[in-house]
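The values are calculated or read from the model by the stated rules, or taken from the named source; none is laboratory data. Remember, it's a predicted structure, so these values are computed and weren't measured experimentally. With ideal geometry, Cβ positions are generated from the backbone for all residues, glycine too; neighbour counts draw on all protein chains shown.
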Amino acid sequence: MPPSREQKGGGDRIGPTRCGKGSKIEAITDSYGLPVAVRVTSASPNELTLVEDTLAQRHIAQVPRRLTGDKAYDSDAVDQRLRERHDVEMIAPSRRNRKRTQDCRPLTRYLRHWKIERLFAWLKDFRRLTSRWERHANNFLGIVQLGCLLILLRHL
């Protein structure tokens, strides 16, 4: 009889990666680096497929006008979908193999992408988030949201 998921050390929304198994925290911040939306997924899917779902998980009613992402978010199809459905401009540097690139003026906003990195550094201060002990993704999402709430309260 093959071992079950619990016996293998798996859990809900834990996917295979190069380094073993893991989960991914997707987040959107405001212009100050404070969390607006947060989501927990398996580590294996591409970020491009998760952008709209993360945008739907936001804590505020207002949709951000611009999203800044790294090179993984550079896609014409995602840009067009976000512009048509949510009226959101996606700012991401072009990949090396791109034929058509973005205008350089919006890319100056990409220089402020350190704010999302700072949010993840703040979240790593919570030991419970660094080593995921919760088996169920909803419990882990609750711990991530609690960490975001503590960050928001700290910066009020």
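Quick notes
- Residue in region 56-78 that is over 27 Å from ILE14 (Cα atoms), surrounded by 12 or more Cβ atoms within 10 Å (Cβ to Cβ), in contact (Cβ under 8 Å) with a residue 12 or more places away in the chain and among the polar types (S, T, N, Q) present: no
- Checking the stated criteria, GLU84 turns out to be farther than 30 Å from ILE143 by Cβ, exposed (fewer than 11 other Cβ atoms within 10 Å of the Cβ) and at pLDDT 85 or above.
- Conditions (1) farther than 28 Å from SER131 by Cα; (2) out of contact with any helix residue (DSSP H, G or I) (no Cβ under 9 Å at 6 or more places or on another chain); (3) assigned to a loop (DSSP other than H, G, I, E, B); number of the one not met by SER44: (1)
- Close pairs from region 142-154: first closer than 10 Å to PHE126 by Cα, partner loosely packed, with under 14 Cβ neighbours inside 10 Å and modelled with pLDDT under 95, Cβ under 7 Å, at least 6 apart: ILE143/ARG128
- Complete set of residues in region 18-30 that are touching a strand residue (DSSP E or B) at 6+ places or on another chain (Cβ under 9 Å) and at pLDDT below 85: LYS21, GLY22, SER23
- Qualifying positions in region 118-156 - in contact with a Cys (Cβ under 8 Å, 6 or more places away or on another chain) and more than 17 Å from TYR32 (Cβ to Cβ): none
- In region 105-133, the residues that are exposed (fewer than 15 other Cβ atoms within 10 Å of the Cβ) and modelled with pLDDT under 90 reach residues that are of a type in the set (A, V, I, L, M) and assigned to a helix (DSSP H, G or I) with C-beta atoms within less than 9 angstrom, at least six apart or across chains, in these pairs: ARG128/ILE143; ARG128/LEU146; THR130/LEU123; TRP133/ILE143.
- At least 3 residues being on the phi > 0 side of the Ramachandran plot is the threshold, and among the helices (runs of 4 or more DSSP H) wholly inside region 60-156 not one reaches it.
- Qualifying residues in region 45-88 (those that are closer than 22 Å to LEU119 by Cα and among the polar types (S, T, N, Q)) - the one farthest from the chain's Cα centre (by Cα): GLN62
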